[in-house]
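Only the coordinates and a few stated rules stand behind these numbers; no lab work does. Here the structure is a predicted model, which is why all the values come from computation and not from measurement. Quick reminder, even Gly has a Cβ in these numbers, built from the backbone with ideal geometry, and neighbours come from all protein chains shown.
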Amino acid sequence: MSMLWLLLLPAVAFAETVATDEKVVGVFYYAPMFGHVHQHAVRTSPSLTTIQCSHPVKVVESSKVSAVPEWAYVQVADHRGFVLREFLMDKRPECFQGKYPKFFDAFNLDLSDLYYWGRLGDQYIQGETRVK
């Protein structure tokens, strides 16, 4: 019995000393109408889940994830991935869905519609035109 304890001792000691280096920075809200939590910090990366305007997301700091300035590493339900920082607000935004719920419900959007509208939003670059 004592020999078994000696064999398990390093595993137990290791399990007790391993500390999580993740820290929740805060809860933010998604601002665009539809979007995605991405697998990687790239607009064209695969989607882990779709989200809508005013959906809360936890921003997480972790040494396991390389920091990309434009992207936030977030947790949404069971999914951990990336969202553009410009899409996050610290206060709940006023969204079209909340402002006109009956009108929005009349669209009768299903999950695939949310996915495609979110992908369109991912590819849409907002800003001022440089055309003269």
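Among the listed pairs K23/K58; K58/K99; K64/K91, those with a Cα-Cα distance over 21 Å are K58/K99; K64/K91. Near Y73, once Lys and Arg are set to +1 and Asp and Glu to -1 for all other residues with Cβ below 10 Å from its Cβ, the sum equals +1. Neighbours of K64 by Cβ distance under 9 Å: Lys/Arg scored +1, Asp/Glu scored -1, total -2. Using R₀ = 22 Å, calculate the FRET efficiency as 1/(1 + (r/R₀)^6) where r is the Cβ-Cβ separation of Q39 and F104; round to 0.05. Calculated value: 0.20. Near V76, the amide H atoms lying under 5 Å from its own belong to G81; only residues 5 or more places off or on other chains count, and H is placed 1.01 Å from N.
Ranking of V57, V25 by neighbouring Cβ atoms within 10 Å, starting from the fewest: V25, V57. Across every pair of non-identical alpha carbons in segment 20-123, the mean reciprocal distance, once inverted, gives a Kirkwood radius of 14.1 Å. Ranked by the mean number of other Cβ atoms within 10 Å of their residues, highest first, the peptides 31-44, 64-77, 100-113 fall in the order 31-44, 64-77, 100-113.
Using the Cβ-Cβ distance between S63 and Q123 with R0 set to 30 Å, the FRET efficiency from 1/(1 + (r/R0)^6) comes to roughly 0.45. Quick one: if the Förster radius is 30 Å, what FRET efficiency do D21 and M89 give, using the C-beta to C-beta distance and rounding to 0.05? With a Förster radius of 30 Å, E is 0.65. Less than 5 angstrom separates the built amide H of I51 from those of G35, H36, V37, all sequence-distant by 5 or more or on a different chain.
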